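Following: one structure in structure tokens, then a few remarks.
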Amino acid sequence: MDIFIAGTDTSAATIVWTMVELIKNPEAMKKAQDEITEIAWGKENIEESDLPKLSYLKLVLKESFRLHPPAPLLIPRETTRACTINGYEIPAKTRILINARTIARDPFYWKDPDSFKPERFFYSSVDFRGHDYELIPFGIGRRSCPGINFSVLTVELALANLLHYFDWKLPHGITRDDVDMVEAVGLTVHKKTPLLLIATPRPR
Ligand code: HEM
């Protein structure tokens, strides 16, 4: 049950938020699809073995995790003993919430923090695997997400195939500025209103 609860909702939210960002940023969408065409032309499906070659898609996903960590406050935890952080005394058994979302948009660490720019990771070694504290969508340390490798593969595979199979457009009369970014309240943050897109099969 833990695996179903922790794994499905988070991965689904990531796929939707990434599609939202791609539809609002057509240059990034084009780059991601061009890369897919290059490595997968003539192939029916993108397979797991193709994923290491999709380097731009990996930047897109990183940027999506930065702007939309599906669990923005991670999971509430409790301190096992008293400690002092930046001069603040935290007693034992204090409920701790870590605001990963705000950290990932902190202008001290991120230039133009609210913009979707996968290219920012071209020359940066910052990753989301828990070593760089400015980007922690999976948490840090021994209680961080044990599903990280599985989920990144699953999400990459789903996104790659969505972009391989279809071109995506907004419905007639809707512009990308009309697509709202309002979030539903919850431990896992989803888009409040469903994303409605038109899929046209791509030549493969
Ligand atoms: C995009 C996908 C996912 C994201 C962003 C994500 C994120 C997280 C985060 C932030 C935590 C809490 C870490 C902390 O408190 O420091 C967590 C915990 C956990 N995740 Fe994930 N997760 C994802 C997918 C998955 C998948 C696919 C599985 C299982 C197959 C999974 C299983 C778990 C479990 C069991 C925990 C609890 C670990 C513990 O309390 O020790 N997650 N996840």
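Put simply, the amide H of Asp167, placed in the peptide plane, has neighbours under 5 Å in Thr200, Arg202, leaving out anything fewer than 5 places away on its chain.
Can you tell me which of 96-105, 117-126 comes out highest on packing, and rank the rest after it, using the mean Cβ neighbours within 10 Å?
Numbers: 96-105: 16.6, 117-126: 14.1.
Highest to lowest by the protection proxy: 96-105, 117-126.
How large is the charge dipole for the stretch 55-152, taken about the Cα centre, if only the Cβ atoms of Lys, Arg (+1) and Asp, Glu (-1) carry charge, to the nearest 20 debye?
Numbers: 15 positive and 10 negative charges, 67 e Å.
So the magnitude is around 320 debye.
Accessible surface calculations at 1.4 Å, restricted to protein heavy atoms, place the stretch 6-129 at 57 Å² per residue.
Kirkwood hydrodynamic radius of the chain from all distinct Cα pairs, in Å?
About 18.3 Å, per the Kirkwood formula over Cα pairs.
Taking the Cα centre of the chain as reference, the dipole from Cβ charges on Lys and Arg (+1) and Asp and Glu (-1) amounts to some 420 debye.
In this label model, Leu170 and Ser49 are separated by 4.1 nm, measuring between points 7 Å along each Cα→Cβ vector.
Note on Asn149 and Thr193: their simple-model spin labels are 4.2 nm apart, each label 7 Å out from Cα toward Cβ.
Within the accessible area of the stretch 145-204, the carbon and sulfur atoms contribute 65%, probe 1.4 Å, all protein chains present. Dipole magnitude for the stretch 119-204: about 300 debye, using +1 per Lys or Arg Cβ and -1 per Asp or Glu Cβ, origin at the Cα centre. Loop-resident chymotrypsin sites (Phe, Trp or Tyr not before Pro) (DSSP state other than H, G, I, E or B) in the stretch 1-75 with no more than 15 further Cβ atoms inside 10 Å of their Cβ: Trp41. Amide H to amide H distances under 5 Å link Ile90 with Cys83, Thr84, Ile85, where only residues 5 or more positions off or on other chains count and H is placed in the peptide plane. Sites listed here are GluC sites (Glu not before Pro) in the stretch 1-95 whose DSSP assignment is loop and whose Cβ has at most 13 other Cβ atoms within 10 Å: Glu44, Glu47.
Under a 5 Å amide H cut-off, with hydrogens placed 1.01 Å from N, Glu183 pairs with Lys192 among residues at least 5 apart or on other chains.
Taken one residue at a time, the phi angles of the stretch 83-90 give Karplus couplings (6.51, -1.76, 1.60, θ = phi - 60°) of 8, 10, 10, 6, x, 8, 8, 10 Hz. Gly and Pro are set to x.
The values are calculated or read from the model by the stated rules, or taken from the named source; none is laboratory data. Keep in mind that what you see is a predicted model, and the values were worked out from it rather than measured. Positions of Cβ are backbone-derived with ideal geometry, glycine not excepted, and every protein chain shown enters the neighbour counts. For accessibility, only protein heavy atoms count, side chains too; no ligands or nucleic acids. Shrake-Rupley method; radii C 1.70, N 1.55, O 1.52, S 1.80 Å.
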